[in-house]
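Undergrad: Sharing a structure, written as structure tokens. Questions coming.
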Amino acid sequence: MAAKVEESSCYRHPMADGCWDRLIDELTARLLSLDWRYVKHLVDAIEEKIKWLDPIMTKYCLLTCQECEDCCCQAREIYFNRTDMLYLAVLNSEIPPGQTRTKHSLPCRYLTPDGCILPRSVRPYVCVWFICEAQIGIFQEEPAVFQRCFLKNVGELREHRLTLESLYERGIAPAPIDKKLPAESKLGRKDSAG
């Protein structure tokens, strides 16, 4: 499958909760028509990369965000995009109740004085990996082996997301993947025959 280099900005705008729910349902229906095992494999890989990043990003945020005068979380242009919504539609987790805001003038509905109330695994992509200047300073003090591992994980996370969106856009799946994957039904449960 030819690689995309940029995620779609589709759905990166204020949205009423009812519209959010309908879009999630539509995206889910389209994903169910694809090779579900492959779609689930991509989503599981994305979730695994986010879980790897979570303690690192949490540490960096604890060290920097409280004293920040221009908190990136307050940016008015942070929204879930289509790839976020595709990921959320398949993830075996509670989907956030709506877009980050219903009007441009509103702050992010998930930002509190103590930070984001969403688990990192269900935040908009930029909120998963973004490192501000203060955090870059901390990152640069990390051992080189850690820096390489971090960048590798962020790169793989991006690659999996781009593949998921490409799969959705084309409506097809590549050749079968690793035969070690368990057979799964469209609901994500292992088939008894597999």
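Undergrad: Given (1) surrounded by fewer than 16 Cβ atoms within 10 Å (Cβ to Cβ); (2) of a type in the set (D, E, K, R); (3) within 22 Å of His160 (Cβ to Cβ), identify the lone condition not met by Arg37.
TA: Going through (1) surrounded by fewer than 16 Cβ atoms within 10 Å (Cβ to Cβ); (2) of a type in the set (D, E, K, R); (3) within 22 Å of His160 (Cβ to Cβ) one by one, Arg37 breaks only (1).
Undergrad: Let me ask another. Go through (1) assigned to a helix (DSSP H, G or I); (2) at pLDDT 90 or above and name the single condition Tyr79 misses.
TA: Only one criterion is unmet by Tyr79, namely (1).
Undergrad: Check Gly137, Gly155 and return the single one that is over 16 Å from Leu53 (Cβ atoms), of a type outside the set (A, V, I, L, M) and in a helix (DSSP H, G or I).
TA: None of the other options fit; the residue is Gly137.
Undergrad: Does Cys127 meet the test of being assigned to a helix (DSSP H, G or I) and closer than 27 Å to Gln66 by Cα?
TA: yes
Undergrad: Can you tell me which residues in the stretch 96-124 are of a type in the set (Val, Ile, Thr), modelled with pLDDT of 90 or more and not in a helix (DSSP H, G or I)?
TA: Thr100, Thr102, Ile117 - these are the residues of the stretch 96-124 that are of a type in the set (Val, Ile, Thr), modelled with pLDDT of 90 or more and not in a helix (DSSP H, G or I).
Quick grid of which residues meet (1) out of contact with any helix residue (DSSP H, G or I) (no Cβ under 6 Å at 6 or more places or on another chain); (2) assigned to a helix (DSSP H, G or I); (3) exposed (fewer than 12 other Cβ atoms within 10 Å of the Cβ):
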residue	(1), (2), (3)
Glu6	yes, no, yes
Pro14	yes, no, no
Gly18	yes, yes, yes
Glu26	yes, yes, no
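Undergrad: How many residues are surrounded by 13 or more Cβ atoms within 10 Å (Cβ to Cβ) and either aliphatic (A, V, I, L, M) or in contact with a strand residue (DSSP E or B) (Cβ under 7 Å, 6 or more places away or on another chain) (or both) if we restrict to the stretch 134-161?
TA: Residues meeting the conditions: 4.
Undergrad: Pull up the stretch 58-110, narrow it to residues that are in contact (Cβ under 8 Å) with a residue 24 or more places away in the chain and among the basic types (Lys, Arg), then point me to the one that is nearest to Tyr168 (Cα to Cα).
TA: Per the stated criteria, the residue is Arg82.
Undergrad: Would you point out which residue out of Ile78, Ile56 is touching a Ser or Thr at 6+ places or on another chain (Cβ under 7 Å), surrounded by 13 or more Cβ atoms within 10 Å (Cβ to Cβ) and at negative phi?
TA: Selected residue: Ile78, the only one of Ile78, Ile56 that is touching a Ser or Thr at 6+ places or on another chain (Cβ under 7 Å), surrounded by 13 or more Cβ atoms within 10 Å (Cβ to Cβ) and at negative phi.
Undergrad: Could I ask something else about it? Within the stretch 97-129, restricting attention to residues that are among the charged types (D, E, K, R) and within 15 Å of the chain's Cα centre (by Cα), which residue is nearest to Tyr11 (Cα to Cα)?
TA: Arg123
The values are calculated or read from the model by the stated rules, or taken from the named source; none is laboratory data. Small disclaimer: the values here were computed from a predicted structure and weren't measured. No Cβ is skipped: glycine too gets one built from the backbone with ideal geometry, and neighbour counts run over all protein chains shown.
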